[in-house]
Amino acid sequence: MEFVVIHVFVGPTLPGSTLASSGLQVRPPVRHGDLFDAAIRPGDTALIVDGMYHQAPALRHKEILAAMGRGVTVIGAASIGALRAAELAQFGMLGVGRIYAAYACGKLAGDDEVAVGQAPDGELTALTWPVVNLRNVLQLAESEDVLDTERTARLLTALRAVYYPQRTWAAVQAVCRRLGETQFARWLAVRLEQDRHFGDLKRADALAAVRVALAGAAVKQTDVQLVPAVWETAYFRRWSNSFARARVGGLELFTEDRLVYQQVFDPAFPDIWAAYLEHRSLHCREDGLDGLPLEVRLARAGGGLPADRLFHPTVDLRDEQSVAVLLAGESELDRQAVARYADALTSERRTRPGFTVAAVRDELTCRLLRQVWQCPEHKFDAEASARGLICGAHAIAAAKRLVPGLLQEMRERAKQSEAVYVAQ
């Protein structure tokens with residue numbers, strides 16, 4: 001029997017240290033790609049509390065649907081998790097807590113309700129007040145006759161107008177002074193001295209969701225049977241390929257990096273791509289036909305063009321058979337090179353602020369590819385197509401990730417050659 005894991009994506013709402021002894025797998029706030037992690041297996045539970053959306057690309061809805069489709073129970077609460085749960089409840093995502101309920105019934109709408117500012121050094125601590133917590137303490141103040149309905153509404157409007165990364169405790173106090181609500185500010189300061197979590201609705205909901213997950217009470221709310229058509233799009237395929245990775249020979253490598261390396265550097269890759277096209281043709285059902293030999297498809301298409309010019313199937317790097325065919329020529333030295341190239345790219349990003357792969361010059365990448373392939377300009381498109389890269393422009397876009405590593409290797413070879421020449 002496999003051990004079921006509860007993965008909790010949490011940060012500013014509930015510090016991970018709070019859950020350290022609970023037996024949960026505590027992870028940082030969820031971001032785009034995290035649910036592709038192979039460590040999140042069918043039968044596991046993913047509890048989404050906090051998530052990135054300003055500092056990094058946000059988690060997409062289809063990523064959650066795909067996780068549920070492969071048998072992962074997904075719970076949302078307190079923050080971005082509550083918002084996503086309200087949006088995907090009809091598909092079986094479970095929401096927990098008052099914030100989720102408010103989103104689900106339409107009392108809350110935007111993500112600004114739960115947004116907080118964090119320290120730029122990556123410390124997972126909330127530096128500002130989210131609107132949901134402010135609304136909660138205002139209602140508590142009203143229930144104790146510290147405020148009336150009109151003053152509560154005026155304060156809430158003014159506090160919501162403060163941009164969320166700037167809505168600090170000092171900013172809250174400043175708004176109170178400007179509106180003449182010093183009594184409320186003093187009342188709140190006293191409550192916070194007595195209990196630093198006073199009015200923290202997000203924290204309360206997160207703790208409630210943890211209890212639900214630990215109790216095993218997370219069950220799907222609907223009988224909807226999710227099928228790949230619900231989430232499978234061209235965008236999703238691109239995301240899943242980008243995050244596909246495996247541990248091979250002690251190295252943790254992205255599968256897409258391994259494939260692009262082979263497409264660029266393996267002299268025999270045109271033969272491998274031809275074998276892949278045959279494999280896809282025999283196993284393809286996307287066109288409504290049973291699998292056919294590639295030569296039959298070519299005959300039906302007519303025109304006399306080679307298969308790589310006629311067929312450009314989208315590769316699914318989650319499919320183990322496809323990966324096995326495409327990486328048939330990969331060696332241990334190749335995998336080590338992929339790791340070096342990935343390190344070179346990481347170093348480039350670290351040492352050159354603002355650097356992106358897209359910023360690598362097209363003409364430089366094209367020149368390097370033609371040099372590697374020993375290819376004249378007029379045959380560049382044909383060579384790229386034979387390697388499964390469709391055309392020269394697509395080859396350039398795919399190969400840009402390799403340029404920092406390739407240039408680094410070329411510089412090292414030049415130094416070695418110079419050293420040998422001097423020694424002689």
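Quick grid of which residues meet (1) surrounded by 14 or more Cβ atoms within 10 Å (Cβ to Cβ); (2) modelled with pLDDT of 95 or more; (3) closer than 24 Å to Leu345 by Cβ:
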| position | (1), (2), (3) |
| --- | --- |
| Glu252 | no, no, yes |
| Glu256 | yes, yes, yes |
| Phe265 | yes, yes, yes |
| Arg280 | yes, no, no |
Completion exercise
Exactly one of Leu47, Leu14 is in a loop (DSSP other than H, G, I, E, B), aliphatic (A, V, I, L, M) and surrounded by 21 or more Cβ atoms within 10 Å (Cβ to Cβ), and that residue is Leu14
Practice task
Restrict the check to the stretch 211-230 and report whether at least one residue is under 30 Å from Arg387 (Cα atoms) and out of contact with any strand residue (DSSP E or B) (no Cβ under 8 Å at 6 or more places or on another chain).
Solution key: yes
Exercise for the section: State which residue pairs qualify: first residue at positive phi and inside the stretch 244-261, second residue part of a helix (DSSP H, G or I) in any location, beta carbons under 9 Å apart, and separation of 6 or more residues or different chains. Expected result: Gly249/Glu332; Gly249/Arg335; Gly249/Gln336
Practice task
Being more than 19 Å from Arg318 (Cβ to Cβ) and at pLDDT 95 or above narrows it down to one of Ala215, Ala275, so name that one.
Solution key: Ala275
Completion exercise
Scanning the stretch 17-32 residue by residue, the ones that are crowded, with 16+ Cβ neighbours inside 10 Å and either closer than 21 Å to Gln118 by Cα or of a type in the set (Phe, Trp, Tyr) (or both) total 7
Practice task
Of the numbered conditions (1) among the hydrophobic types (A, V, I, L, M, F, W, C); (2) free of Cβ contacts under 8 Å to residues at least 40 places away in the same chain; (3) out of contact with any Gly (no Cβ under 6 Å at 6 or more places or on another chain), Val357 fails exactly one; give the number of that condition.
Solution key: (2)
Exercise for the section: May I ask you to say which residue of Arg177, Arg196, Arg186 is without any contact (Cβ under 8 Å) to a residue 24 or more places away in the chain, part of a loop (DSSP other than H, G, I, E, B), outside the structural domain of Ala101 (by TED's automatic domain parsing) and not small (Gly, Ala, Ser)? Expected result: Arg196
Problem - Segments classed as helices (runs of 4 or more DSSP H), wholly inside the stretch 64-162, with at least 1 members that are outside the structural domain of Ala46 (by TED's automatic domain parsing) and at pLDDT 95 or above - result: 131-143, 149-160
Practice task
Name every residue in the stretch 32-50 that is farther than 11 Å from Glu63 by Cβ and in contact with a Leu (Cβ under 9 Å, 6 or more places away or on another chain), in order of residue number.
Solution key: Leu47, Val49, Asp50
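The values are calculated or read from the model by the stated rules, or taken from the named source; none is laboratory data. This one's a predicted model, so the numbers in the text were calculated from it and none came from an experiment. Positions of Cβ are generated from backbone atoms using ideal geometry, with glycine treated the same way; all protein chains shown enter the neighbour counts.
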